[in-house]
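Shown next, in structure tokens, is the structure this report addresses.
The values are calculated or read from the model by the stated rules, or taken from the named source; none is laboratory data. What you are looking at is a predicted structure, and each value in this text was computed from that prediction instead of being measured. FYI the Cβ positions are ideal-geometry reconstructions off the backbone, even for glycines, and counts take in every protein chain you see.
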């Protein structure tokens, strides 16, 4: 990416944020991280999403803002309290960052969203122009993306609808690997549900592409080749040279995960229409090749 930029990132300590900060700095860009305390160095910007405050002086002259912060949807069992935490962390955080963006006016604002926007799509492929679903996570995504619009119409705002991120250091793959390495993995539920995935490597490349692109609005960050859960688990077992003969029944997932089980058992066949039309090419468009590389890490 050129020329060199000054970029502010929230959620910089998460799975995506950590990798993105490292990559951008390796390319020579200046990265400042939003922190929920007083800043103690020049590469930090103090903010408080509960109070709705940001140190605007530290943001002055920023070229791009990337907002990734939010409570993890798969970190805890969903109950009423944690569902409120998921929603509020996105609404309050995005409102705070978007208002700051409106004040300092960077060239681009990239705000996280998720393929949860589409709800249950069954076997139907969906693209950015498709309507939102009607389940809990779809509702969260609608509110989340609406909050990003507070940046104003004169700011190029991109809402990245990310799929299942694959990396051995965290996320779903990080949780699945130990069981599958022991030969205890298998399909989840019927296995016929579609999973829309992307490697962390391509996620970072896509975000960097969007920093320089003219795209705005929602953009799906998913591989062009989604797979069924049965195909996913079979491919992971193959990459590890292990069997995948221990299916997890739907009722067990519901008991263990509560409402979040719907995201594991639900089907989302999401296509990266706008990215592809914009000329972005994936280094890992196919699952088998991606997993062969990832399990060796």
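So is residue 142 more than 18 Å from residue 11 (Cα to Cα), in contact (Cβ under 8 Å) with a residue 12 or more places away in the chain and within 18 Å of the chain's Cα centre (by Cα) or not? It is true that residue 142 is more than 18 Å from residue 11 (Cα to Cα), in contact (Cβ under 8 Å) with a residue 12 or more places away in the chain and within 18 Å of the chain's Cα centre (by Cα).
Residue 233: surrounded by 21 or more Cβ atoms within 10 Å (Cβ to Cβ), under 15 Å from residue 288 (Cα atoms) and touching a residue at least 60 places away in the same chain (Cβ under 8 Å), yes or no?
So residue 233 does not fit the description; no.
To keep it simple, each residue is scored yes or no on (1) touching a strand residue (DSSP E or B) at 6+ places or on another chain (Cβ under 9 Å); (2) at pLDDT 95 or above; (3) surrounded by fewer than 22 Cβ atoms within 10 Å (Cβ to Cβ).
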| residue | (1), (2), (3) |
| --- | --- |
| 149 | yes, yes, yes |
| 167 | yes, yes, yes |
| 179 | no, no, yes |
| 182 | no, no, yes |
| 189 | yes, no, yes |
| 201 | yes, yes, yes |
| 215 | yes, yes, yes |
| 222 | yes, yes, no |
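Pairs meeting the criteria (first residue in segment 278-297 and touching a residue at least 40 places away in the same chain (Cβ under 8 Å), second residue assigned to a loop (DSSP other than H, G, I, E, B) and exposed (fewer than 15 other Cβ atoms within 10 Å of the Cβ), beta carbons under 9 Å, at least 6 apart or on different chains) are 278/214; 290/283; 297/169. Listed by position, the strands (runs of 3 or more DSSP E) inside segment 30-139 whose residues that are out of contact with any helix residue (DSSP H, G or I) (no Cβ under 7 Å at 6 or more places or on another chain), in contact (Cβ under 8 Å) with a residue 24 or more places away in the chain and farther than 19 Å from residue 157 by Cα number at least 1 are 30-35, 44-48.
Residue 105 fails exactly one of the following numbered conditions: (1) at negative phi; (2) more than 17 Å from the chain's Cα centre (by Cα). What is the number of that condition? Tallying (1) at negative phi; (2) more than 17 Å from the chain's Cα centre (by Cα), residue 105 fails exactly one: (1).
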